[in-house]
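Here the structure comes first, spelled out in structure tokens, and everything after it is commentary.
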Number of protein chains: 2
Amino acid sequence: MHANGEDLYFNHEFLDRLSEKRSDSKWLTAKQTSPDTVFLLFHNLNPLVISEAMEEDGRGDSSFLMTRLRPPAVEPILGRPGTTVVFLGVEKQRRCVPTTTLEGEDDGLTAWFALNTEEDPSELLKFPDPKCFFLHGPMPGLLKLSDIEAGVVAQARAVLAWHSRYSFCPTCGSETRVDEGGHKRTCLREGCRSLKGIHNTCYPRVDPVAIMLVIHPEGNQCLLGRKKIFPSGMFSCLAGFIEPGETVEEGVRREVWEESGVRVGQVHYVTSQPWPMPSSLMIGCHAVALTTNINVDKNEIEEARWFTRQQVIDATVRAKHAVFSLPPRQAIAYYLIKHWIGMNANL
Amino acid sequence: MHANGEDLYFNHEFLDRLSEKRSDSKWLTAKQTSPDTVFLLFHNLNPLVISEAMEEDGRGDSSFLMTRLRPPAVEPILGRPGTTVVFLGVEKQRRCVPTTTLEGEDDGLTAWFALNTEEDPSELLKFPDPKCFFLHGPMPGLLKLSDIEAGVVAQARAVLAWHSRYSFCPTCGSETRVDEGGHKRTCLREGCRSLKGIHNTCYPRVDPVAIMLVIHPEGNQCLLGRKKIFPSGMFSCLAGFIEPGETVEEGVRREVWEESGVRVGQVHYVTSQPWPMPSSLMIGCHAVALTTNINVDKNEIEEARWFTRQQVIDATVRAKHAVFSLPPRQAIAYYLIKHWIGMNANL
Ligand SMILES: Nc1ncnc2c1ncn2[C@@H]1O[C@H](COP(=O)(O)O)[C@@H](O)[C@H]1O
Ligand SMILES: Nc1ncnc2c1ncn2[C@@H]1O[C@H](COP(=O)(O)O)[C@@H](O)[C@H]1O
Ligand SMILES: [Mg+2]
Ligand SMILES: [Mg+2]
Ligand SMILES: [Mg+2]
Ligand SMILES: [Mg+2]
Ligand SMILES: [Mg+2]
Ligand SMILES: [Mg+2]
Ligand SMILES: [Zn+2]
Ligand SMILES: [Zn+2]
């Protein structure tokens, strides 16, 4: 069975990032006032959505649409000290008839920007629709977006969260300025070591996380755990940050051992997913256990258990007699679990 | 053919990280003076190696051994302001007879620490052997370690590099202190936002990088590129940082498009490798091209070309008539290329 995480929530790329334009400040400035440009607004990292668009998605979930603001609507907060702007990309489909001006300014590309403000936006802006509101969260709000927009919000929120936590130079403690359309920060202190050569201190952070479904040596059970903060009855995959100097595979083995006391041998990559809380890259794997005794790390995990395939199937169909419930379908953990069921069912 | 990157350089885990001991400061302090403890010394991130151990590895490469210092040898620099200490883990194999003292202090575990000093160590320390020296680099020095020690050095150097660049709090610009055996930094300013909740600003950074061998739609050629800084004639895989809000698979497609103008469809994960320069996680993939026209991004790539399988085989055996040369065997790029050859040869 071929893994394909493309339809996973957060994974859809609606925009072309067009990174070569990040250093073209003339183009970026022109696009910020171009009538077709779309701005997504965040207040303290909470996205502005529109409630009218709330729709049942057939699974009992409701979804929200992002409010797409035009340049005149956001003009009052652009350039204010509490505002951060990030160029997200352009729509993959061009507008049919590029309205080329004499200066050749309009290339027919619809640009998208993300804006975060730390000020109260209701005092500065008039929203286009009274039904707009900021989706508080991040959880579960960020999982209630439309599948098409979730990926754009993942990029926007991850980069904006980086700006909100990394506005000082980690190398010398000085203030920094925003560069490259919001994809870089540069130290303002002349002579700072961060200015010589290329250093990750200047670029957004992405934290790789290993997330794994551990399969019993006999193949018929899988290991799931629950944190105290989970809704009651819910179990999910184990997961943990990959550490410096570690492979994905070793990260999987170490985290499973730390959290459950189970030893893992073979590790098989399945798929990946960005998780913008604030900026993780979930690397999803199936892992084959070598041992079965469970010894949980009580600091991180409340309980871990082996579940039979039938128990997992009962949970996926939300059977009345199901002994546990699954994580939300938007999470890669759900995908890894479903993939395991499918894999076996296909034999 | 099953991918197994375990024998890749930097991938061997010689130590058990034993992360639960990071918060046990009593244990850590005791181990720092325990006679069996091993210290690896770095000066401005350059490791102290011993030349006597230089060995031909049968491929014309020579390798160095890390100098293993004991507590009395490093005592003069422990606790100095320019010195950083990181607990690396314990040897997987216990000493045969744990010499338990009355206080039960010795658990038979041999602890390893990494030390970085910004001061001139030759003025502070007497080295055990006059043949010790600091391997300058990072390249190619870091690729000349013994295969067993390379993984330990990958962890050590990546964490030490993080300390050297992130000694100020990115959220408020204040100074920070080192916690958890060198695996955390904590802001010293009371009331800093970084102290409420858990934030990645306090933990070492790992940068996920997608590195890919792009296969021609017809399956018989692969795409390799060269940067200006490469040795003349050398071609390697394309690669780039995975961005916030992006999957591994999309990162592969975007970077290949940006650097070569080639469109990629299917992406297959192969294996991963830590790359401590300063702290990347290389995520190695095979990617299937949908288009073949090359249009290189001249800022990043000097040239990119399709090579036939025979040309790649000639390069792997270093044939006289080979039209290009491969990256060093220590790099995951070499592994991805060899894996492609093997994959086809196995059909
Ligand atoms: N980049 C990071 N962001 C947040 N927490 C981290 C990070 N790296 C390590 N940690 C620590 O990892 C814990 C979560 O454990 P795990 O996700 O299993 O690795 C957190 O409580 C932190 O102590
Ligand atoms: N974490 C990072 N560390 C260093 N450079 C980065 C990072 N993220 C983005 N970059 C930029 O990416 C360029 C290298 O391109 P690539 O490796 O192809 O993504 C560098 O020259 C930087 O401008
Ligand atoms: Mg953990
Ligand atoms: Mg965890
Ligand atoms: Mg962890
Ligand atoms: Mg890049
Ligand atoms: Mg690139
Ligand atoms: Mg690159
Ligand atoms: Zn600085
Ligand atoms: Zn702070």
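The values are calculated or read from the model by the stated rules, or taken from the named source; none is laboratory data. It should be emphasised that the depicted structure is a prediction, and the values quoted were computed from it without experimental measurement. Cβ coordinates were reconstructed from backbone atoms using ideal geometry, including for glycine residues, and neighbour counts include every protein chain displayed.
Of note:
- The set of residues from the range B:262-288 being within 16 Å of ligand 8 (Cβ to nearest atom), small (Gly, Ala, Ser) and within 22 Å of A:PHE14 (Cβ to Cβ) comprises just one member, B:ALA287.
- Here B:SER19 fulfils each of the conditions (1) modelled with pLDDT of 95 or more; (2) more than 14 Å from chain A (Cβ to nearest Cβ) apart from (2).
- Screening the range B:166-191 for residues that are buried (at least 19 other Cβ atoms within 10 Å of the Cβ) and within 20 Å of the chain's Cα centre (by Cα) and picking the one that is farthest from ligand 6 (Cβ to nearest atom) gives B:GLY181.
- Residues considered: B:SER122, B:SER194. Of these, the only one that is farther than 17 Å from B:VAL86 by Cα, more than 13 Å from chain A (Cβ to nearest Cβ) and part of a helix (DSSP H, G or I) is B:SER122.
- Options B:GLY181, B:GLY240, B:GLY219: the member that is under 30 Å from B:ARG329 (Cα atoms) and either in a strand (DSSP E or B) or touching a Lys or Arg at 6+ places or on another chain (Cβ under 6 Å) (or both): B:GLY240
- Considered as a group, the residues in the range B:250-280 that are among the hydrophobic types (A, V, I, L, M, F, W, C) and assigned to a strand (DSSP E or B) include one that is nearest to B:TRP162 (Cα to Cα), and that residue is B:TRP275.
- Looking across the range A:275-306, just one residue is among the aromatic types (Phe, Trp, Tyr) and either within 16 Å of ligand 9 (Cβ to nearest atom) or farther than 18 Å from A:TRP257 by Cα (or both), and that is A:TRP275.
- Candidate set: the range A:224-262, residues that are in contact with a helix residue (DSSP H, G or I) (Cβ under 6 Å, 6 or more places away or on another chain) and of a type in the set (A, V, I, L, M, F, W, C); chosen: the one nearest to ligand 10 (Cβ to nearest atom): A:ILE242
- Condition met for A:PRO244 (at the interface with chain B (Cβ under 9 Å from one of its Cβ atoms) and either under 24 Å from the mean Cα position of the chain (by Cα) or crowded, with 23+ Cβ neighbours inside 10 Å (or both)): yes
- Scope the range A:136-162; condition within 20 Å of A:ASN11 (Cβ to Cβ) and in a loop (DSSP other than H, G, I, E, B); matching residues: A:GLY137, A:PRO138, A:MET139, A:PRO140, A:SER146
- Residues within the range A:225-241 that are buried (at least 24 other Cβ atoms within 10 Å of the Cβ) and away from ligand 4 (no atom under 13 Å from the Cβ), tallied: 1
- The range B:1-36, residues that are surrounded by fewer than 18 Cβ atoms within 10 Å (Cβ to Cβ) and basic (Lys, Arg): B:LYS26
So that you can scan it fast, the table gives a plain yes or no per residue for (1) away from ligand 3 (no atom under 16 Å from the Cβ); (2) touching a residue at least 60 places away in the same chain (Cβ under 8 Å):
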| residue | (1), (2) |
| --- | --- |
| A:HIS286 | yes, yes |
| A:VAL296 | no, yes |
| A:GLU303 | no, yes |
| A:ASP314 | yes, no |
| A:ALA322 | yes, no |
| A:GLN330 | yes, yes |
| A:TRP340 | yes, yes |
| A:MET343 | yes, yes |
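- Filtered by the rule that a residue be closer than 28 Å to A:GLY89 by Cβ and more than 23 Å from the chain's Cα centre (by Cα), the range B:217-241 gives B:PRO217, B:LEU223.
- Per the listing B:VAL270, B:VAL296, B:VAL264, the residue uniquely buried (at least 21 other Cβ atoms within 10 Å of the Cβ), over 25 Å from the mean Cα position of the chain (by Cα) and not small (Gly, Ala, Ser) is B:VAL264.
- The range A:201-255, residues that are away from ligand 5 (no atom under 14 Å from the Cβ), among the basic types (Lys, Arg) and within 26 Å of A:MET343 (Cβ to Cβ): A:ARG226
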